[in-house]
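A.B. asks: Below is the structure I would like to discuss, written out as structure tokens.
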Amino acid sequence: MENKNEIFSQRLVKAVLWNIVLQTLLAALLVFVIQVNPLHPLSWIISTFHDIFSWKMCLNVVLLGLVSFFQAYVYGSYYTIQRPKNFTRFSIFLNTFTMQNIIFGILYSLNGYFAMSLYSSLAGSNYNVLKKKCEQYDGQCLSEQSLFLQFGGMWMGLYYFLQVHIFGTTVLTFPHIYQEKLQQIKLVVSHIISTGFRKSFVPVLYFCIFYYLWGSKPRNVVSDVYSLYLEDPPLDNVVIMLTTGIYIGLWFYTSLFFISVYTMRTIFNIVLTEPMKFPIESDNKLTLCNALAQTSKFNKYLAALDLKIMSMTDANRRSEIFILSQPGGHPRNWNNLLEKCMSIINEFNKELDIIHGDGSAGEPDSSYSIQLKNTGTNASSLTSSLYSSPLRNMAQSPQLLLLKDHNKNKTDDTFSNAVKEEFNNFIQRLCQKPGISYFFGELTDTRLKFLLIQSQPLVWTCEGLATIVAASLKEDKYGIVQSDLPVVITALINLKQKLDKLIKPGLVPRKHFVNDGFALRLRSALISSVKRSLYKIVITFSKFIHEIPLEHEIQMAIQPFLFCKEP
């Protein structure tokens, strides 16, 4: 069977190769534009080809490949591991200054430094070396403009890392309608270029302010280390900085750097989000059910997306879900798929219960309910069968030992739960003290934001499960799906009711207000997805809806969907 990270590793290598090709084309385009000479087009073309196929360009491509593999390692770390749960200022502080983030920050700074040297060398300028021959003295002098650009490049790399990986949200964004890679690249090229030039103003302004205030300190350090003179007017002066126009060069190179990293990020996102078909049954490949159950969020994303696409477009794979095992005649494929989907939905329901403050009132385990249904028993009959022996034989009955162990475990569990609850209450009271609450108190909307940002697989799971259930009315000749309609409808109704608590006017607590735009869009998408799923199921089975054994509360909840009155 495929390793859980094998799929991601293969796509990451493919993304690196795509990135190197595209970045090389951008570098060649830069050389072509810089050497523009419309009066002598032949010499313009010859010089361009000479620089493109020179050893300097080959060295730059090698460095670009190393940078791309570094970026791949960073993205691999962010997309394969679980996101830390930073719900307090103290946890945010600890997870910000981890060794991994410190190493990534240093590597991004070096990336910006090498990128600035690369672009300045391609432009034919002398700003990629710190030394120059003195005009008024004998010896070497400091080229402060080169120092300004190189320090600026390091700052741009660190700025991008802070904005994207520390203060931003690093998630994969899947397109609503998948298109071929080249088509997606053509659609985003103009947006990448405009975004790169637009977003480079702020970091350049920050660096110019920094250099005006503290630029003399790094200049003096470099001059002392390399024993260099400074014969030009210092740049930590507003008039000199504006006169030389070095800030324009920094803005242009920063824009190129941002275009490069945005292109890399776009390429990685396009390659990594390509849909993948998981087999329903296989002995040596990762199946759809196993991928849905994996802790690797990347594989879970791909599996949930495949479930949605398969349920809508692939009738042949849907038919594999509705078959019975031979021998035995059991709906194993459907049971496995239903169990994994219910696990995803119920886990989200439990997290919402914790957010709403009623986490103890959880739903019963779906796998246990499915197991009882498949064996044709219920909890009461199971209990009565265990303790139905005659009274005179209870001393010799093994069920007596089971009863004693059960009571003993119940007593121990009650005591341990009481101790845990008392300790948690003490911690909560302590965290509410002034000062302590600022550092250790839970921040507004952090838990809900964390949950919503990872809800995309749930959106696809609900839609895919609902579409399969709706298609079963005509394609499921054994009727195995219809017997589980109460389980599916009840889970979706419970999910909808918990989501409604997040948006009801006047009933939303302060901790449920989300200020993150991406999380708000995912919340709207999730609510719409659950409603569409319920509409699809209820309308498909509208003629038989009253024959489905549902609880009275669930029957009342589906009435608006039955009459198409649910907004």
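A.B. asks: Can you give me the Kirkwood hydrodynamic radius for the range 180-256, using every pair of distinct Cα atoms, in Å to one decimal?
C.D. replies: 14.9 Å
A.B. asks: Place the peptides 62-71, 46-55 in order of packing, highest mean first, counting for every residue the other Cβ atoms within 10 Å and averaging per peptide.
C.D. replies: So the order, starting with the most tightly packed, is 62-71, 46-55.
A.B. asks: Using the reciprocal of the averaged 1/r over all distinct C-alpha pairs, how large is the Kirkwood radius of the range 249-291 in Å?
C.D. replies: By the Kirkwood definition, the hydrodynamic radius is 13.4 Å.
A.B. asks: Pairs 186/285; 14/498; 308/449; 277/474; 14/300; 498/543: which are spaced more than 30 Å apart, C-alpha to C-alpha?
C.D. replies: Distance filter (> 30 Å) returns 186/285; 14/498.
A.B. asks: Going by average Cβ neighbours within 10 Å, how do the peptides 416-429, 309-322, 246-259 rank, with the highest at the top?
C.D. replies: Packing proxy ranking, top to bottom: 246-259, 309-322, 416-429.
A.B. asks: Go through 462, 58 and list them by solvent-accessible area, largest first, probe radius 1.4 Å.
C.D. replies: Correct descending sequence by accessible area is 58, 462.
A.B. asks: For the range 299-312, what does the Karplus curve 6.51 cos²θ - 1.76 cosθ + 1.60, with θ = phi - 60°, yield as ³J(HN,Hα) per residue in whole Hz, taken in order and with x for Gly and Pro?
C.D. replies: Each residue's phi maps through the Karplus curve to give 5, 5, 4, 4, 5, 5, 5, 5, 4, 5, 5, 4, 5, 9 Hz.
A.B. asks: Something else: Report, by chain and number, residues whose modeled amide H sits under 5 Å from the one on residue 330, excluding near sequence neighbours (fewer than 5 apart, same chain).
C.D. replies: Here the answer is 325, since their amide H atoms fall under 5 Å of that of residue 330.
A.B. asks: Let me ask something else. Quick one: pull the percent of accessible area on the range 193-255 belonging to carbon and sulfur, 1.4 Å probe, ligands and nucleic acids left out.
C.D. replies: Accessible surface attributable to carbon and sulfur in the range 193-255 totals 69 percent.
A.B. asks: Okay, next question. Considering only protein heavy atoms, what per residue accessible area in square angstrom results for the range 256-317 with a 1.4 angstrom probe?
C.D. replies: That works out to 34 Å² per residue.
A.B. asks: Give the long-range amide H neighbours of residue 131: residues separated by 5 or more places, or on another chain, with amide H under 5 Å away, using H modelled in the peptide plane at 1.01 Å from N.
C.D. replies: Those lying under 5 Å, H to H, from residue 131 are 143.
A.B. asks: The range 191-265 to the range 521-566: how many Å between their Cα centroids?
C.D. replies: If we compute the Cα centre of each part, the gap is 58 Å.
A.B. asks: OK, next. Give the Rg (one decimal place) followed by the Dmax (whole number) of the range 80-235, computed from C-alpha coordinates and expressed in Å.
C.D. replies: Reported Rg and Dmax, both Å: 20.2, 66.
A.B. asks: Of the listed peptides 221-233, 22-34, 150-162, what is their order by residue-averaged count of other C-beta atoms within 10 Å, with the highest listed first?
C.D. replies: 150-162, 22-34, 221-233
A.B. asks: Can you work out ³J(HN,Hα) from phi for every residue in the range 480-488, in order, using Karplus 6.51 cos²θ - 1.76 cosθ + 1.60 and θ = phi - 60°, giving whole Hz and x for Gly and Pro?
C.D. replies: Couplings: 6, 6, 4, 5, 9, 4, x, 5, 5 Hz.
A.B. asks: Return the sequence-ordered ³J(HN,Hα) values of the range 44-50 in whole Hz as given by the Karplus equation 6.51 cos²θ - 1.76 cosθ + 1.60 applied to θ = phi - 60°, using x for Gly and Pro.
C.D. replies: After applying 6.51 cos²θ - 1.76 cosθ + 1.60, I find 4, 5, 5, 5, 5, 5, 5 Hz.
The values are calculated or read from the model by the stated rules, or taken from the named source; none is laboratory data. None of these values were measured; they are calculated from a predicted model. A quick note on method: Cβ atoms are made from the backbone with ideal geometry, for glycine too, and the neighbour counts reach across all protein chains shown. What goes into the accessible areas is simple: the full protein's heavy atoms, side chains included, and nothing from ligands, DNA or RNA. Shrake-Rupley method; radii C 1.70, N 1.55, O 1.52, S 1.80 Å.
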